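What follows is a short report on a single structure.
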Amino acid sequence: MSSVGAWEFTPLVTDFPTNVLPNIGFWNASNGTWEYQIQLAWPLNWTSPLENSTVETIITINSIITDLQRYILDGNALGLTATDAVRRRRPVEFAQPDSIIVSIGYPTTIPDSPYSTSRYADMQPPVCSTCPLPSLPGVPSNADGLIAFIDTALRPWVQKEVFAKAKFDRDALYGHSFAGLFVLYALTAQPELFDTFLSASPALYWNDDYVFNHTDFLAPLKTNATATNATKPAFQISYGGLEQFPKRRRTETDEEFAFRKSILEPMRMTDLSEKLFAELQGSSALRDVELNVYPNSYHSTVGGAALADGIDYFLDW
């Protein structure tokens, strides 16, 4: 067990058989109030986490990746997806740097689901002090708490405790759906936190389009930034063309198709993602902003596809 501030990191399973889950480990992180399950994955050619190498990182919630560092949200759902995407890419992308995937998940999940109810607090942005609290998801926001955990506890633990000999370069944050909304909030709240922000199918409809209707939300990305391009973040938005405009499936009844449309259409994924891109295109606070559209994909499919394609965007920008 190791500690960073009030947070304790306890090993769960850190050494699987090499023919089962090579170079992957799981830890529990807790401060007595909040609790996460952290999955780390490191390059297959490393004999231990204590390799002397330069890495990128990506973080995903319910997931993360590092050397490339990448931090992945909804790690229970996407951690292994991120790991496989990076590892499959390595043999055919010869210049790919060593990468560490850091996935942020939870110790408990909803029955028959890889998601946890804890994500509703963690990934929900706060609203202004005079604004009414959103009726959904019906819990207080802990988005600032999650950002603080990543910045002041998780990242130092990853870099100084687990991979103490690695030289860390750039890192990225990835989130899908409600976690995609969190990625956008993190970009507005602390744009210096990551080199690249990857938001897939973001829940921009949350709280009656609060992102667009409350002018202060996107304001940090519309100011005249003075930082050089080297210090500004890059931002990729992804969505699927069938999220808002679903096709009827061959075996669906009229009632089944109508029900599915009643869930998908109110999210207005095409309209709102295009609107966000239009508002941020040319932003002086960003070194790049890209809209990545999957014309034949639904919501769940985008989660994995945008994660894999996000690696290319991250490495390119």
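We did not get these values from a lab; they are worked out from the coordinates using the rules stated. None of the values given here were measured: they were computed from a predicted structure. No Cβ is skipped: glycine too gets one built from the backbone with ideal geometry, and neighbour counts run over all protein chains shown.
Close amide H partners of Val4, meaning residues 5 or more places away or on another chain with modelled amide H under 5 Å apart, are Phe9.
Note that the stretch 39-47 has calculated 3J(HN,Hα) couplings of 10, 10, 9, 10, x, 5, 8, 7, 8 Hz, one per residue in order, obtained from phi through the Karplus relation 6.51 cos²θ - 1.76 cosθ + 1.60 (θ = phi - 60°); glycine and proline are x.
Highest mean packing first, where packing is the average number of other Cβ atoms within 10 Å per residue, the peptides 246-253, 136-143, 158-165, 184-191 line up as 184-191, 158-165, 136-143, 246-253. Between helix 75-89 and the chain there is an angle of about 70 degrees, using the helix long axis and the longest principal axis of the Cα atoms.
Multiplying the residue separation of Leu133 and Arg268 by 0.36 nm and removing their Cα-Cα distance gives an extension gain of 46.4 nm.
Gain on full extension, evaluated as 0.36 nm per residue between Val20 and Val293 minus their Cα-Cα distance, stands at 94.8 nm. Subtracting the Cα-Cα distance of Ala6 and Arg88 from 0.36 nm times their residue separation leaves 25.8 nm of extension gain. Antiparallel DSSP bridges in the stretch 2-316: what percent, to the nearest 5? Taking every DSSP beta bridge within the stretch 2-316, about 40 percent pair in antiparallel fashion.
Annotation for the stretch 128-146 versus the stretch 228-287: alpha-carbon center distance of 23 Å. Sorting Leu198, Leu315 by the number of Cβ atoms found within 10 Å of their own Cβ, with the fewest placed first, yields Leu315, Leu198. Give me the base-10 log of I(q)/I(0) for the chain at each q in 0.08 Å⁻¹, Debye formula, one uniform scatterer per Cα, rounded to two decimals. Values, matching the q order: -0.34.
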